[in-house]
Amino acid sequence: MLVPYLEETSKPRATKALSCPALVDLLPEIPCVADDPYNSSPEEERSSEFVSEEVMSQEVRDRKAGGEDLPLNYKKVPMIDLPLGATEDRVCGTIDIEKALTQGKKAFEPGLLAKANRGILYVDEVNLLDDHLVDVLLDSAAGGWNTVEREGISIRHPAKFILVGSGNPEEGELRPQLLDRFGMHALIRTERDPELRVKIVESTREFADDPVGFREQYVGDNSEFATSILEAQTRLKEVKTPPELARKISEVCSELNIDGLRGDIVTNRAARAYCAFDGRTEVTSDDVGK
């Protein structure tokens with residue numbers, strides 16, 4: 001899936017650090033097989049018309065085929081941070097040393113990609129990410145699966161996630177291969193309104209003094225927003241883009257010499273999502289403009 005690459009001019013780190021975890025509070029809980037480390041869905045799911053998402057691990061698929069009654073639980077959409085200094089083993093997974101030493105068995109210890117399956121993988125300063133980790137992300141983002149070969153163990157598990165990155169372009173460019181995985185970007189600038197700046201500072205102090213109480217102030221607003229998202233997700237299947245608008249999108253992308261069809265696809269998807277969130281079922285030129 002494709003989501004924004006956040007650029008900034010003054011690096012408001014506190015804003016970035018809080019924004020992505022806060023997003024999870026607005027998303028619905030997802031059903032998962034309780035004892036599966038990959039957040040496998042109890043049912044094989046497929047996404048929209050653009051990409052098929054296999055979100056069930058092979059082990060769970062085999063258990064289901066054998067007629068086993070799978071234990072379920074509901075959890076928040078995973079929100080996983082990928083540190084810049086993470087090793088490839090930490091990201092992809094590696095041998096479980098503890099089991100190897102205590103039980104004499106070869107076992108796999110899932111990494112961050114396993115935890116991020118069906119969730120969000122967030123990379124701060126994504127333009128500074130080591131090349132070997134960029135290659136890992138590209139492989140997983142392209143196929144939706146992570147394959148690990150370690151000491152005679154071959155593991156393949158689903159790794160379908162929403163990739164969110166933030167960074168300061170002045171510190172370095174994003175590799176073209178990785179930039180191609182982001183369909184949209186948002187430019188973040190420092191707030192110039194003195195009144196709003198004071199309000200931000202006061203809110204930061206209130207949160208530091210009483211995080212629980214501060215969050216409770218916005219429970220109602222968050223619940224209302226989360227309900228709107230759920231309704232939009234249900235409505236999305238009914239949203240249609242008129243042929244003339246779809247043609248106009250493609251004409252604009254062609255005139256801009258955008259390589260491939262990703263620009264056409266992302267613009268269509270974003271316009272449909274905006275339309276669904278606004279409570280309508282037919283895309284307008286204003287939706288495309290947004």
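Brief remarks on what is shown
- Of the solvent-accessible surface of the chain, computed with a 1.4 Å probe over protein heavy atoms with every protein chain present, carbon and sulfur atoms account for 53 percent.
- Each of GLN103, ALA273, VAL201 was scored by the projection of its Cα onto the charge dipole of the chain, and the greatest displacement toward the positive side belongs to ALA273; charges sit on the C-beta of Lys, Arg, Asp and Glu.
- Between ALA65, ALA232, ALA186, the Gaussian network model of the chain with springs among Cα atoms under 10 angstrom shows the greatest mean-square fluctuation at ALA65.
- Among the protein heavy atoms, those of VAL24 account for about 10 Å² of accessible surface (1.4 Å probe, every chain in place).
- Measuring nothing but how far apart in sequence close Cα pairs (under 8 Å, 6+ apart) lie, relative to its length, region 129-184 scores a relative contact order of 29 percent.
- Within the chain, percent of DSSP bridges classed antiparallel, to nearest 5: 40 percent
- Here the chain has an Rg and Dmax of 21.1, 65 Å, counting Cα atoms alone.
- Rounded to the nearest 20, the size of the Cβ-charge dipole of the chain about its Cα centre is 320 debye, with Lys and Arg at +1 and Asp and Glu at -1.
- Dividing the convex hull volume of the alpha carbon atoms of region 148-244 by its residue count gives 321 Å³ per residue.
- Top positive-direction residue, dipole computed over the chain with Cβ charges, set PRO83, ASN222, VAL288: VAL288
- Averaged over its residues, the chain has an accessible area of 59 Å² per residue, based on protein heavy atoms and a 1.4 Å probe.
- Lys, Arg +1 and Asp, Glu -1 on Cβ, resulting dipole of region 52-180 about Cα centre, debye, nearest 20: 800 debye
- The lysine pair tally for region 137-290, using Cα distances under 26 Å and a gap of 8 or more places or different chains, is 7.
The values are calculated or read from the model by the stated rules, or taken from the named source; none is laboratory data. Predicted, not measured: the structure shown is a model, and the values here were computed from it. Cβ atoms come from the backbone with ideal geometry, glycine included; neighbour counts cover every protein chain shown. Note: accessible area is taken over every heavy atom of the protein model, side chains too, but ligands, DNA and RNA are not part of it. Shrake-Rupley method; radii C 1.70, N 1.55, O 1.52, S 1.80 Å.
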